[in-house]
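Only the coordinates and a few stated rules stand behind these numbers; no lab work does. Being a predicted model, the structure only gives us computed values, none of them experimental. Methodologically, a virtual Cβ is constructed for each residue, glycine included, from the backbone with ideal geometry; neighbour enumeration extends over all protein chains shown.
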Amino acid sequence: MRALTWISTAAVLTGAATNLTACSDGGATGTGGDTSTTATTTTAATSTSTSAGGAGGTGGAGVTSSATGTGGSGGGVVHPPAGEDFTRDILTTDLELDLGALTGKATITLAGSTTSKAASFEIGDLEIASVEDDSGPLLFVMKSGAHGSQLDLGVPSGAAPAKIVIKYAFAPHTMFDGWMAKEQLSFLWPYFCGNLFPCKSDPADGVAFTMKVTGVAAGMTAVFPASIASDAPSYMPAVAVAKFTKVDLGTTTKGTQISAWHLPGQEADTALGTAHLFQVFDFYEKTYGDYTFGKTAGSISANWGDGDYGGMEHHPYWHVGKNDFKGEEVHAHEAAHGWYGDGVRIACWEDFVLSEGTVSYIAAHALEQFQVDIWPDYECELQYVCDPANGANTIALPTTCNTIDLLNDPLWSSVPYMKGAYFFREVARAIGVGVLDTAIGEFYKANVGKAAKMQALIDHIKTKTDTVGQKAVDDLETAWLKKLDCPVDYTKLCPATP
Ligand SMILES: [Zn+2]
């Protein structure tokens, strides 16, 4: 993510769950005995009713419900009642999206549990059509949740992974909170995944994905990853549809092919913005470690509307606002999220600086290898943050964990980006640029595919230096990340060009 103009509009939408429609199609595949229903939940905002089960069949795996006691006689599988359990680890989500019909099928594999008989997902404003496993329909209820609606299932317990198939319809969205049908772009950050597929938006949760996309209009190209094999945050997978032209930029030393997909008429912008993207990506791989989201990657020009800018870390094909496609910074920034933010996930939303501060630093550090200096731009952004007149300053690294609503918190600002970038730059000056690179790379290799705390990275950096260096890192951590006032004279930053 790079700071965008629509920050405030996205925040407006947090509670914009739309109507939920009752759906009682239980699958009707005829494999069960008598099947069961039903739980109804009414919330203040919406009312939902649900059911599991389908038309009865002729024996086989009968579905019984210990909740409702209306079980069938056709088989031996006892399906537990719907229940809430957000602790079940999602291993993989195989996602099939029909962008024409606005329907989806999510095949979700959960880690086995011998104790839990439930699983819960955020489902935003999805309309659930059916929920089943290999033995037939599962019992489920929907109710109001943290981000729109919540789906609670009954899942038979067992040591083996549990595979659940959920069919549903999704709604078009307009405010960077789901499938943006008009723009033909998905946007799920930070916690809108439930508007596109059943998920858990906690940034610490990682999941591997496969994606299939159908229903794309004739003459258009859909760009999406067919497979994301390494654990990723739930906001990472995305699809973009437009009349794209693909430009191959080169293959890195490690063998990753880097491309750009631009909109009609963007040949010159693409040449400018991606002039060093391939080299920058090569630098990240060599300096910090192997890329884990596939052997192809690159920037997609996202037509988010007039005046759009910024970007979004949809690896391996990250989105860059079409108006920023001509600048090198956002390309380098979003690419760097393959290492921090996506590669190493943040443990809590309060660790936002581990994603954005680290990425802002390593993007500038990579570009300066190729004589592109983006620090003057950062300096002006830092001045804005630090000038009390703008009311934009906040503490970059809060000590709580997931107690804030990021989109409605002061932390959702340039502060983690700029105070974070300057923290790292000052640390590099104190302990050595190469020492810091080594520390950032070691921490990446130890934590890729996992969630981590910013504090853990800082603690690791301190192991790479002597007591004098450790004291310097401590002081910089306090000054840049733990205090409100900036440790610089903001009036001297960002001098006007003579
Ligand atoms: Zn970012």
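I'd like to compare 403-413, 306-316: which one has the highest average count of other Cβ atoms within 10 Å, and what's the full order after that?
On the way: 403-413: 16.9, 306-316: 21.5.
Put in order of decreasing packing, that is 306-316, 403-413.
Multiply the residue gap between Asp466 and Gln369 by 0.36 nm, knock off their C-alpha separation, and tell me the result in nm, one decimal place.
On the way: separation 97, 0.36 × 97 = 34.92 nm, distance 2.70 nm.
The span from Asp466 to Gln369 would gain 32.2 nm if fully extended.
For the stretch 426-479, the alpha carbon convex hull comes to 65 Å³ per residue, rounded to a whole number.
Among the trypsin sites (Lys or Arg not before Pro) in the stretch 315-413, which ones are in a DSSP loop with at most 16 other Cβ atoms within 10 Å of the Cβ? Mind listing them? Could you put the intermediate results ahead of the total?
Working: sites: Lys322, Lys326, Arg345; in loops: Lys326.
Passing both the DSSP loop test and the Cβ count: no residue.
Of the Cα atoms belonging to the stretch 244-338, the radius of gyration and Dmax stand at 12.1, 37 Å.
Taking the inverse of the mean reciprocal distance over all distinct Cα pairs, the Kirkwood hydrodynamic radius of the stretch 346-498 comes to 15.9 Å. Here the residues Tyr340, Tyr317, ranked from fewest to most Cβ neighbours within 10 Å of their Cβ, fall in the order Tyr317, Tyr340. Students often get this wrong, so check it: of Lys163/Lys295; Lys143/Lys200; Lys419/Lys492; Lys163/Lys200; Lys212/Lys326, which have C-alpha atoms separated by over 23 Å? Too far apart for the 23 Å limit: Lys163/Lys295; Lys212/Lys326. Summarising the overall dimensions of the stretch 278-389 from its C-alpha atoms, the Rg and Dmax are 14.1, 47 angstrom.
In order along the stretch 330-343, phi translates into HN-Hα couplings of 5, 4, 5, 5, 5, 4, 5, 5, x, 9, 10, x, 9, x Hz, rounded to whole numbers, per the Karplus curve 6.51 cos²θ - 1.76 cosθ + 1.60 with θ = phi - 60° and x for Gly and Pro. For Lys471, list the aspartates and glutamates whose Cα falls under 14 Å from its own Cα; do not include residues on the same chain fewer than 8 positions away. Filter leaves Glu426, Asp459. If the segment from Thr214 to Glu96 were pulled out straight at 0.36 nm per residue, it would be longer than the present Cα-Cα gap by 41.7 nm.
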